Each structure stands twice: as structure tokens, then as C-alpha cells.
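Participant: To start, I am sharing the structure in question, which I have written as C-alpha cells.
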Amino acid sequence: MANIVSIQTIANHVGEEVTIQGWLYAKTGKGKIQFLQVRDGTGIMQAVLFKPNLPPEIFEAGKRITQESAIIVTGTVKQNERAPGVPGGYEIDTTDLQVVQVAEEYPITPKEHGVEFLLENRHLWIRSRLQWAVLRVRATVMRACRDWLDTHGYLEMSTPILTPAAGEGTSTLFEVDYFGDTVYLAQTGQLYNEANIYSFGKVYCFGPTFRAEKSKTRRHMTEFWMLEPEMAYCDLDGLMAMEEEFISYVVQRCLEERASELEVLERDTTMLQNVTPPFPRISYDDAVDRILKIRAETDDPELKELLAIEWGQDFGSPHETELTKQFDRPIFVYGFPTAAKAFYMEPWPNRPEVCKSVDMLAPEGYGEITGGSERISDPNLLLKRIHEENLPEEAFKWYLDLRRYGSVPHSGFGLGIERTVAWICGIHHVRETNPFPRTLGRVYP
RNA sequence: UCCUCGGUAGCUCAACGGCAGAGCGGGCGGCUGUUAACCGCUAGGUUGUAGGUUCGAAUCCUACCCGAGGAGCCA
């Protein structure tokens with residue numbers, strides 16, 4: 001066995017004899033020559049077996065191995081533009097082949113498959129080239145998020161997943177038996193982070209979050225990952241300034257580090273390259289006017305129906321899509337109606353029917369990827385809002401305390417990781433951006 | 001919860017009231033540059049479940065189960 005190398009660094013080993021430890025992704029051949037597509041987790045490359053150059057038993061072993069068999073390939077790395085792979089253009093002229101395990105007949109063939117079958121075999125599907133590429137981008141998105149925050153003075157704080165009560169009223173929560181009491185799986189760490197900022201200034205939490213809503217769309221899962229930064233001494237303008245710097249960094253980092261994967265996904269990165277500050281800032285009032293104008297100008301009766309909206313209503317997916325089509329980068333929509341948003345959002349000065357909330361909408365039809373706001377800092381106002389929403393005051397005692405001891409203007413937002421990855425990768429459904437997605441009606445595997 | 005579509009070979013689908021089929025994948029054989037290779041041979045079926053109509057049901061009817069797409073919902 002020669003020097004064991006990973007496929008993603010193969011370009012550094014041209015002319016050397018190396019060993020690749022991996023699995024057979026695909027195979028084709030023609031009599032005295034066999035082409036093996038070998039993947040090792042970091043990439044895919046071609047190994048060539050040429051009968052006259054090999055001991056007969058090695059060549060025969062190559063003919064017999066099945067898709068997904070575990071193999072160790074040794075040979076000389078050569079540049080060859082005909083060789084497919086990630087990265088393409090390199091192949092191994094094989095001198096030795098060790099079969100670690102011959103795989104049984106593998107269910108996922110190189111042909112097309114239906115969604116149901118693929119989800120049922122998700123534990124195997126993640127080995128496929130497109131899924132592999134998406135999940136590599138996901139890891140980079142998560143890494144980039146943490147890197148930006150860690151180098152800008154934010155401290156990662158763990159917030160609880162088991163929570164005592166319906167924090168914010170309307171949403172449906174998963175119930176868990178807790179030694180005879182009922183607790184709930186967290187749908188946000190925000191309220192806890194509002195406590196954390198008074199100890200650490202700028203914080204974030206990053207973890208799974210849960211929703212028991214019966215949403216069945218390409219944008220929803222029952223378990224998804226959310227990143228939630230929270231900042232003391234930060235108003236709505238400061239929040240938007242931070243968000244655009246942060247998101248721009250994450251997108252540019254993916255373009256730099258995951259170019260091969262985005263190429264595998266055939267992602268047109270033109271729109272992603274535009275993701276630099278500043279992002280357009282559109283008020284809710286303006287957004288409604290724009291949507292009504294688009295609606296008036298369309299000849300499509302179906303779209304006309306979908307775009308119906310009155311001031312005060314939250315946007316649906318069609319509204320977001322049509323609005324973002326007018327711009328070449330993500331946009332902020334701020335100042336939503338108070339009635340459509342959560343109780344803790346700071347009212348607009350002299351306009352209590354509107355609050356200091358902001359959503360970031362991704363372009364190309366991907367819609368809302370962050371939702372945030374400036375939080376109420378006045379204890380009396382917060383208590384009044386809790387009463388107006390008929391929330392149990394005693395459950396929020398600790399939360400009200402935060403406004404009694406050094407309260408300051410503060411803001412934060414939540415970023416949906418799966419939606420962000422779907423946007424960056426240009427894929428249709430958020431479920432493919434999570435290795436083992438949980439959706440309404442599927443918790444297997 | 002509602003609407004729409006679907007469930008036939010390992011997979012993707014056809015057959016739509018009259019013999020259950022094809023392509024891919026698997027197996028065997030051939031081929032020196034393949035990119036979802038190609039050529040020949042071959043094995044492979046409780047047509048989602050239960051009931052009904054009919055001389056005859058994968059096909060029509062009823063109920064149920066499962067899945068997908070969308071709506072509602074979504075701090």
C-alpha cells in the first residue's frame with residue numbers, strides 16, 4: 001500500500017503512487033479495460049484497470065466488484081481530461097486493488113428514482129453525488145456562520161431544548177413527558193438569549209428547533225436547525241446592518257470553498273455573487289403597494305388570485321416570490337403589522353399598529369430566510385402586550401425581570417439553516433439539505 | 001384539517017373490462033477509453049389492504065392504509 005491520500009487533494013499528487021480508501025460509486029468497462037468511479041467521502045475519481053498491466057486475479061476482482069463495494073485502490077495518479085469526477089480530470093492507473101467487502105445488490109442505481117423511494121433509503125441516498133454536494137455545502141454554511149460570529153464578538157450560548165411552557169402562544173409544540181409533567185421541545189432559544197445578552201453582550205445559539213405544525217410544503221420540516229444571534233444595545237437599523245454583513249460573508253465563503261460542489265449541483269452562481277451589502281430595505285407598507293401593483297399588471301388569473309392581499313396580512317409564499325423577483329440580491333422587509341407578529345416586538349414610534357420587525361427574503365423564489373426584530377425593552381409595555389395576547393404572566397416572570405435590571409434596546413433574529421442551504425445550492429426542497437429530514441409523515445430512517 | 005395526484009418486477013413506468021409487459025438494475029457471455037457505455041442470453045409478480053359489481057377486475061364501485069404536491073397554519 002502506498003501513501004493514503006484523499007481525493008480532494010489529488011491534484012497535488014500527479015505522478016505519485018497513492019492509495020485511495022473508499023467505495024465503488026459506478027463501474028463501466030470494455031473487455032480488457034475497466035473504469036471504476038471511486039468515492040472516498042472527499043470526492044469521486046476514476047481508477048482504470050488495464051488487463052495487460054495487471055495480475056489476472058486483480059483484473060478479475062475488478063470485474064466482479066459491485067456498486068458500493070468497499071475497496072482500496074493503489075496506483076499512479078495521472079492527469080487525463082477524459083476522466084470524470086469531483087474534481088474531474090484525474091485518474092489512477094491501477095496497480096493493486098483490495099476488496100474489503102463486496103456489497104450486496106445496491107438499491108439506488110444510476111437511473112432515476114422517485115422521491116418516496118429515495119426518502120425511504122435516505123441512509124443510502126446521502127452517498128449519491130448531488131446529496132453529497134448539498135450536505136458538504138451545508139457543513140460550510142454552518143462553519144461560516146460560526147466563524148463570522150466568533151470573530152465579531154459573539155459568544156455561543158446553549159439554550160434549552162426542553163422548555164416549560166408554550167413560550168409564544170400560537171404555535172403547536174411537541175409535548176414530552178417529563179417525570180409526569182408536560183414539557184415541550186423548543187421552537188426558539190430567543191427568550192433565553194435575551195437573558196444571555198445581559199451577561200455577555202452579544203450571543204448566539206445554534207441547534208435544532210421543533211414545530212408540530214402540519215405544514216406540508218417544500219419549505220417546512222418538523223425538525224430544523226436555527227441560528228439565533230441576539231445583541232444588546234442594538235436597534236432595528238443596527239440589526240439590518242449586521243444581518244447583511246453576516247449573510248454576505250456566509251454566501252461568499254461558500255462560493256470560495258464549495259465551488260466544486262456548486263458545479264456538481266449545476267448552480268448558476270451569478271445571483272450569489274451579487275450578495276454584498278447593502279441590501280434593499282423595503283417597508284411593509286411599500287411591499288404591499290408593490291405586490292398590489294404586480295397583481296394589477298399581471299394577465300395570469302391564477303397569479304392574480306394568489307397575490308390578493310390587504311394591509312395587515314402576513315405574506316404568503318407567492319407574495320415573497322413576486323416581490324423578490326424585482327431585486328438582484330436579498331432584501332429586507334421591515335415594519336410588519338403588530339397583529340401579525342409576536343408579542344415582544346418593539347412598536348414603531350407613534351405608529352403602534354406597526355412593529356420594528358424585519359424579515360430577510362432571499363431572491364430566486366426562496367423567500368424568508370431570517371426573521372428578527374428589535375425587542376420591547378420597557379417592562380410596562382411588555383406586560384401590557386402579554387396581557388393583550390392572553391399569555392400567562394407567571395410563565396414570563398423571569399422574562400419580565402430582564403426589563404427591570406438594566407434594560408436596554410436589543411435586537412436579534414433567527415436564520416433557518418435548511419432554507420439558506422436550499423437557496424445557496426439552488427435546490428427545490430429543504431428536506432434535501434438535512435441528512436435525515438423530519439417531515440410531516442416521515443421519521444424513518 | 002381540506003384539495004389534487006399516485007401505489008403493478010429491486011427501480012422507473014406501460015397495460016385502463018379479456019394471456020401481467022418494457023427499459024434499467026441483477027446473473028452468464030462478448031468487447032482496449034468508458035462518462036446513465038454497447039451487444040446477446042437469462043432469472044425475476046399476493047398489481048397497497050379489505051369487501052363489492054361482473055362469465056371475467058391491475059382496470060369499475062365502496063371503505064381503509066401509505067406516500068407525494070399544494071392550501072390552511074408557520075415566534
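Participant: Conditions: (1) open to solvent by 10 Å² or more (accessible area, probe 1.4 Å); (2) closer than 16 Å to A:A342 by Cβ. A:F396 meets all but one. Number of the miss?
Facilitator: With respect to (1) open to solvent by 10 Å² or more (accessible area, probe 1.4 Å); (2) closer than 16 Å to A:A342 by Cβ, A:F396 is out only on (1).
Participant: Ok, one more. Please determine whether any residue of segment A:209-222 is more than 10 Å from RNA strand B (Cβ to nearest atom), assigned by TED's automatic domain parsing to the domain that holds A:V176, at pLDDT 95 or above and touching a Leu at 6+ places or on another chain (Cβ under 7 Å).
Facilitator: The answer is no; no qualifying residue exists.
Participant: Assess whether A:R438 counts as being outside the structural domain of A:V203 (by TED's automatic domain parsing) and either more than 24 Å from the chain's Cα centre (by Cα) or closer than 23 Å to A:C205 by Cβ (or both).
Facilitator: yes
Participant: Looking at segment A:184-202, which of the residues that are outside any helix (DSSP H, G or I) and within 16 Å of RNA strand B (Cβ to nearest atom) is farthest from the chain's Cα centre (by Cα)?
Facilitator: Applying the filter and picking the extreme gives A:Y184.
Participant: Let me ask another. A:M345 passes all but one of (1) under 24 Å from A:I417 (Cβ atoms); (2) not assigned by TED's automatic domain parsing to the domain that holds A:F224; which number fails?
Facilitator: So A:M345 meets the others, but not (2).
Participant: Sticking with this structure for a sec: Only one residue in A:Q21, A:Q67 is open to solvent by 20 Å² or more (accessible area, probe 1.4 Å) and either touching a His at 6+ places or on another chain (Cβ under 7 Å) or modelled with pLDDT of 95 or more (or both). Which one?
Facilitator: None of the other options fit; the residue is A:Q21.
Participant: Here's something else I'd like to know. Could you tell me whether A:L361 is open to solvent by less than 10 Å² (accessible area, probe 1.4 Å) and over 31 Å from the mean Cα position of the chain (by Cα)?
Facilitator: So A:L361 does not fit the description; no.
Participant: What are the pairs, 6+ residues apart or on separate chains, where a residue within segment A:236-251 that is over 13 Å from A:H152 (Cβ atoms) has its Cβ under 7 Å from a residue that is of a type in the set (S, T, N, Q) and open to solvent by less than 30 Å² (accessible area, probe 1.4 Å)?
Facilitator: A:L236/A:S411; A:L239/A:S411
Participant: Restrict the check to segment A:435-445 and report whether at least one residue is within 30 Å of A:W311 (Cα to Cα) and either basic (K, R) or open to solvent by 10 Å² or more (accessible area, probe 1.4 Å) (or both).
Facilitator: no
Participant: Right, something else. Write out, first by first residue and then by second, each pair whose Cβ atoms fall under 6 Å of each other, whose residues are 6+ apart or on separate chains, and whose first residue, in segment A:26-44, is among the charged types (D, E, K, R) while the second is within 9 Å of RNA strand B (Cβ to nearest atom).
Facilitator: Every condition considered, the pairs that remain are A:K27/A:L36; A:K32/A:K51.
Participant: Among A:L265, A:L227, A:L191, A:L255, which is aliphatic (A, V, I, L, M) and buried (at least 21 other Cβ atoms within 10 Å of the Cβ)?
Facilitator: Sole residue among the options that is aliphatic (A, V, I, L, M) and buried (at least 21 other Cβ atoms within 10 Å of the Cβ): A:L227.
Participant: Next question. Is it the case that some residue within segment A:112-119 is loosely packed, with under 15 Cβ neighbours inside 10 Å, under 17 Å from A:A47 (Cβ atoms) and either free of Cβ contacts under 8 Å to residues at least 40 places away in the same chain or among the β-branched types (V, I, T) (or both)?
Facilitator: no
Participant: Ok, one more. Which of the following residues is more than 9 Å from RNA strand B (Cβ to nearest atom), out of contact with any helix residue (DSSP H, G or I) (no Cβ under 9 Å at 6 or more places or on another chain) and hydroxyl-bearing (S, T, Y): A:T42, A:T76?
Facilitator: Going through A:T42, A:T76 in turn, the sole match is A:T76.
Participant: Right, another one. Looking for whichever is open to solvent by 30 Å² or more (accessible area, probe 1.4 Å) and either out of contact with any Leu (no Cβ under 6 Å at 6 or more places or on another chain) or more than 27 Å from A:R258 (Cβ to Cβ) (or both) here; the options are A:V86, A:V100. Which one fits?
Facilitator: One residue alone meets the criteria, A:V100.
Participant: I would also like to ask the following. Could you tell me whether any residue of segment A:167-174 is free of Cβ contacts under 8 Å to residues at least 60 places away in the same chain, within 10 Å of RNA strand B (Cβ to nearest atom), open to solvent by 20 Å² or more (accessible area, probe 1.4 Å) and over 29 Å from A:R138 (Cβ atoms)?
Facilitator: yes
Participant: Let me ask something else about it. Taking only pairs six or more apart or across chains, which ones have beta-carbon atoms under 6 Å, a first residue in segment A:194-208 that is open to solvent by 70 Å² or more (accessible area, probe 1.4 Å), and a second residue that is part of a strand (DSSP E or B) and among the hydrophobic types (A, V, I, L, M, F, W, C)?
Facilitator: Pairs found: A:F200/A:L155; A:K202/A:M231.
Participant: Are any of the residues in segment A:334-351 surrounded by 14 or more Cβ atoms within 10 Å (Cβ to Cβ), at pLDDT 90 or above and within 22 Å of the chain's Cα centre (by Cα)?
Facilitator: No, segment A:334-351 contains no residue that is surrounded by 14 or more Cβ atoms within 10 Å (Cβ to Cβ), at pLDDT 90 or above and within 22 Å of the chain's Cα centre (by Cα).
Participant: Name the pairs whose Cβ atoms lie under 9 Å apart, with the first residue in segment A:54-72 and without any contact (Cβ under 8 Å) to a residue 60 or more places away in the chain, the second hydroxyl-bearing (S, T, Y) and open to solvent by less than 20 Å² (accessible area, probe 1.4 Å), and 6 or more positions between them or separate chains?
Facilitator: Filtered contacts from segment A:54-72: A:L54/A:T94; A:I58/A:T94; A:G62/A:T94.
Participant: Looking at segment A:110-129, which of the residues that are under 20 Å from the mean Cα position of the chain (by Cα) and assigned to a loop (DSSP other than H, G, I, E, B) is nearest to RNA strand B (Cβ to nearest atom)?
Facilitator: Out of the qualifying residues, it is A:S128.
The values are calculated or read from the model by the stated rules, or taken from the named source; none is laboratory data. Quick caveat, the model's predicted, so the values are computed rather than measured. Cβ atoms come from the backbone with ideal geometry, glycine included; neighbour counts cover every protein chain shown. Please note that ligands, DNA and RNA were not included when accessible areas were found on the heavy atoms of the full protein model with its side chains. Shrake-Rupley method; radii C 1.70, N 1.55, O 1.52, S 1.80 Å.
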